[in-house]
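The values are calculated or read from the model by the stated rules, or taken from the named source; none is laboratory data. What you see is a predicted model, and the numbers here were worked out from it, not measured in a lab. Don't worry about glycine lacking a Cβ; one is built from the backbone with ideal geometry, like all the others, and counts go over all protein chains shown.
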């Protein structure tokens, strides 16, 4: 059943910039300039209120705890947009995950609201109109591997985002893979992060529970490369990373930070190829790639 949107949605994004004119993603969805600082701090008051349930009188002071994020871009999803099976907030989270995968891994969706940020700050009403979203601490920070052209990257998002959302709805494994990339920086342990990334790869490349190390590594290599030395090298590399995953999963981690980064890169390449091909391969497709016709 199609999920309806009763109001527009405005989402504050960090670590991304657009030009003077709104960037059109299609269906009225835009990325446009709009500054907002989303913050929360533990506050200290030293005087009791005059009466119960009244505010504490000043002075107040902010402690060192809390968070603050600058946002220069707002993602706008109009109330007229409809997507079967997803509401606006779900679409926004998926779009952010896709931008984190392709544009910049530092992108956060810090706030969602039914009004633009500049209108929220100007209202005198105490009605709840906004929600903080991705404001949890990240335990390690990913960065783009190379300098990127933001406009070119956003054009890729514009071209492929609907396909990617289709795949998340059609395939639980693809959805899990995109979630693993989007959420891995939230995981406090690199060992658990490594396990989550390989859980997504296992879901994508095998339904069997036996010989996972060989099966998953072989299927990944066959999916990413035609027969030849690059496929063999990819298979060996994937098996080595799977060994690191197994050690982490069984409480004897021997991995390095690069093992997690390299595993993430494999998952990223896999998901991007599936978006290009507009398909999550079935077991029969993978076996044909591995063994030939």
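Points worth noting:
- Meets criteria (within 22 Å of residue 36 (Cα to Cα), in contact with a strand residue (DSSP E or B) (Cβ under 8 Å, 6 or more places away or on another chain) and either in contact (Cβ under 8 Å) with a residue 24 or more places away in the chain or in the same structural domain as residue 189 (by TED's automatic domain parsing) (or both)) for residue 118: yes
- The range 240-273, subset in a helix (DSSP H, G or I) and out of contact with any helix residue (DSSP H, G or I) (no Cβ under 9 Å at 6 or more places or on another chain), residue surrounded by the most Cβ atoms within 10 Å (Cβ to Cβ): 261
- Residue in the range 200-211 that is closer than 19 Å to residue 102 by Cα and surrounded by 14 or more Cβ atoms within 10 Å (Cβ to Cβ) present: yes
- Annotation note: of 64, 58, 19, the sole residue that is free of Cβ contacts under 8 Å to residues at least 24 places away in the same chain and under 27 Å from residue 143 (Cβ atoms) is 64.
- Flag if residue 144 is touching a residue at least 12 places away in the same chain (Cβ under 8 Å), surrounded by fewer than 16 Cβ atoms within 10 Å (Cβ to Cβ), farther than 15 Å from residue 97 by Cα and not assigned by TED's automatic domain parsing to the domain that holds residue 85: no
- If the condition is being farther than 16 Å from residue 85 by Cβ and free of Cβ contacts under 8 Å to residues at least 60 places away in the same chain, then the range 148-179 contributes 148, 149, 152, 153, 155, 156, 159, 176.
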